[in-house]
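A.B. asks: Before I ask anything, let me first share the structure, which is written out below as structure tokens.
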Amino acid sequence: MVLKVPARFITIEGGEGVGKSLFTGKLSDALSSLKVEHKTTREPGGTAIADYLRKIFHAPPEHEKLVMEAELCIICASRAQHVHHVVKPELARNSWVVCDRFSDSSRVYQGMIGGVQLDLLERINSMVTYGLQPDLTFVLDCDVATSLGRVKGRMTDSSEEASRYDKAQSEFHQKVRDGFLELARSFPDRMVIINAAQSVEQSVADAMMVIKDRFL
């Protein structure tokens with residue numbers, strides 16, 4: 001029997017190599033064990049058009065620099081498709097949605113680091129999300145040395161081509177980490193920091209304690 005509880009929108013955030021994809025999968029398993037109907041998805045991506053835009057975003061042609069304003073537009077175009085065709089319909093039928101990255105990633109990557117004016121970014125993002133905000137955001141956090149070690153392992157072991165962010169220097173990754181921690185301090189009621197240096201099983205257990213306390 002499916003557990004009948006109000007739909008919730010949960011997002012997973014953090015820098016490269018903190019384990020968002022693995023965490024999302026394990027969190028899905030934990031929700032399934034409680035019979036919570038849900039869908040997992042990711043950004044950029046989630047629909048055919050959004051996945052196509054993801055490829056451009058992660059690996060633009062080497063001979064043409066992707067300027068930050070264009071980068072934001074690609075992300076927001078993908079997000080508009082994703083929210084309209086996946087997230088809102090799932091929530092409307094009372095299914096939870098667990099999403100690997102959402103608006104907070106734009107605030108950090110294109111805003112805090114990229115230099116796009118935050119008021120402009122917020123207006124565009126509000127338009128493409130139809131004002132949708134997550135009910136809860138988990139920020140996976142660990143030191144940069146640990147996350148970069150995981151990135152290197154992923155680049156070696158995975159058949160998936162490394163993104164340009166994977167190849168960035170440690171200074172960039174530290175800025176990303178600092179950006180997410182700053183956001184978490186700004187939105188303490190919504191954003192919960194999870195220690196991603198520990199095992200994924202313990203990270204998910206910590207997250208499920210929060211979910212049970214707030215929603216179940």
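Readers should treat all values here as calculations from the given coordinates under stated rules, not as data from a laboratory. Note that the structure is predicted; figures quoted are calculated from it, not measured. We place every Cβ from the backbone using ideal geometry, glycine too, and count neighbours over all the protein chains shown.
A.B. asks: So how many Lys-Lys pairs in the range 9-215 land under 14 Å Cα to Cα, not counting same-chain pairs under 8 apart?
C.D. replies: Pairs that pass both the separation and distance tests number 4.
A.B. asks: Let me ask you something else. Under 5 Å between amide H atoms, partner at least 5 residues away or on a different chain: which partners does residue 137 have, H built in plane at 1.01 Å?
C.D. replies: Counting only residues 5 or more places away or on other chains, the set is 11, 191, 192.
A.B. asks: Could you grab the relative contact order for the range 9-215? Cα pairs under 8 Å, six or more apart, rounded to a whole percent.
C.D. replies: 33 percent
A.B. asks: Among 149, 114, 25, which one moves the most in a GNM of the chain with springs linking Cα atoms closer than 10 Å?
C.D. replies: 149
A.B. asks: A further question follows. Counting only the backbone N, which residues of the range 1-29 are under 18 Å from the spot 7 Å out from the Cα of residue 210 toward its beta-carbon?
C.D. replies: 8-29
A.B. asks: Something else: How do 150, 8, 214 rank when sorted from fewest to most other Cβ atoms within 10 Å of their own Cβ?
C.D. replies: Numbers: 150 16, 8 21, 214 11.
By the 10 Å Cβ count, ascending: 214, 150, 8.
A.B. asks: Let me ask something else about it. In what sequence, highest mean first, do 168-174, 1-7 appear when ranked by Cβ atoms within 10 angstrom?
C.D. replies: Values: 168-174: 13.7, 1-7: 10.4.
So the order, starting with the most tightly packed, is 168-174, 1-7.
A.B. asks: Say R0 is 45 Å: what FRET efficiency, to the nearest 0.05, do residue 117 and residue 85 get from their beta-carbon distance?
C.D. replies: Computed FRET efficiency for residue 117 and residue 85 comes out at 0.95.
A.B. asks: Need the C-alpha centroid separation for the range 1-23 versus the range 174-216, integer Å.
C.D. replies: 11 Å
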